[in-house]
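Down below is the structure, laid out as structure tokens.
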Amino acid sequence: MKIARRTSSRPKRIMCVAPLLILACATYGHTVSLNVELARVNEQPVAAGTLVYRGSTYPLDALDEAPLFHYERHVLTVGRDRVATHRTYDRAGTLMQSEAVWTSSAYDVRQVAITDYQGIVSGTATVDSAAGTLTFNVLENGRERQKTERLSLPLVSGPSLFGYIHHHWDEVVSSDKQSVRFIVLQDMATYGFTIRAEGVTEGLMVFSVTPTSLLVRLVVPSMHLMFDAQTRQLVRFEGRVPPKDNRTDKLKALDARVEYETLLPLD
């Protein structure tokens, strides 16, 4: 996985897609402009929709300290589609990353957009169902790049993973495993993961999400999602999370526990 580089200032130009623009494109069939600013939504969180839950992120090596990051999930619904936005802040309240995913009601990914202020990365990944492709358009430190990948399995991203498991709960529990491709915009790639139901422990249904590639498993450990077994609402997550660990001068990947405060049911 890519290690973001530290920089002293934010880019003047951020290439990404605001959730309201995505909805406009869904409604009117317009092509998304890759040069549209995400700044409006970043400055006005209410534009991202209804606040569904909050997450407090504790590094696994410092669980007894104050959360290193906290993030909010907002959801905006139009017709049968939804746009979920995750906005992550540091302890000082500075916005570190904003990521949005546009999905169907069944959590089929249509588009993902990100603004990562740590790595100075922004961009989109857009599904073309007819062509069976996923196209990445990324701006990193002023350099624009594009890449297209063939689709082979269901797609998930950070803001859609929990909802995907919640929506496919019975199917995952009754099967041995479910295979998905996880979108990592910063890498302009998807990675194979296997979702398994590990059973109920202390009232929590535990799902594991494990890289299918041995090489990726050496870098990214299995993630564990914990839901209340009765209500099927999200309680806890353990594993690799964005953004990068910024407790030292060198940014590094962060493995953490996230505790959730649910405000509205996950659907």
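Read-outs throughout are calculated quantities, based only on the coordinates presented, and are distinct from any laboratory measurement. Not measured: the values here are computed from a predicted model. A quick note on method: Cβ atoms are made from the backbone with ideal geometry, for glycine too, and the neighbour counts reach across all protein chains shown.
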- Message: Restricting to region 216-226, count the residues that are surrounded by fewer than 19 Cβ atoms within 10 Å (Cβ to Cβ) and touching a Leu at 6+ places or on another chain (Cβ under 9 Å).
- Response: 0
- Note on the structure: Of the residues in region 81-99 that are among the hydrophobic types (A, V, I, L, M, F, W, C) and either closer than 15 Å to Tyr53 by Cα or without any contact (Cβ under 8 Å) to a residue 24 or more places away in the chain (or both), the one that is surrounded by the most Cβ atoms within 10 Å (Cβ to Cβ) is Val83
- Going through region 134-146 one residue at a time, which ones are farther than 20 Å from Pro159 by Cα, of a type outside the set (A, V, I, L, M) and in contact (Cβ under 8 Å) with a residue 12 or more places away in the chain? Glu140, Asn141, Gly142, Glu144, Arg145
- Item | Residue under evaluation Val172, criteria (1) touching a helix residue (DSSP H, G or I) at 6+ places or on another chain (Cβ under 8 Å); (2) part of a strand (DSSP E or B), criterion not met | (2)
- Task: Exactly one condition in (1) surrounded by 15 or more Cβ atoms within 10 Å (Cβ to Cβ); (2) touching an Asp or Glu at 6+ places or on another chain (Cβ under 8 Å) is not met by Ala229; state its number.
- Result: (2)
- Message: Criterion first (more than 19 Å from Val173 (Cα to Cα), assigned to a strand (DSSP E or B) and either free of Cβ contacts under 8 Å to residues at least 60 places away in the same chain or touching a Pro at 6+ places or on another chain (Cβ under 8 Å) (or both)) does Thr194 satisfy it?
- Response: no
- Selected residue (only one of Val235, Val206 is assigned to a strand (DSSP E or B), without any contact (Cβ under 8 Å) to a residue 24 or more places away in the chain and closer than 18 Å to Ala256 by Cα): Val206
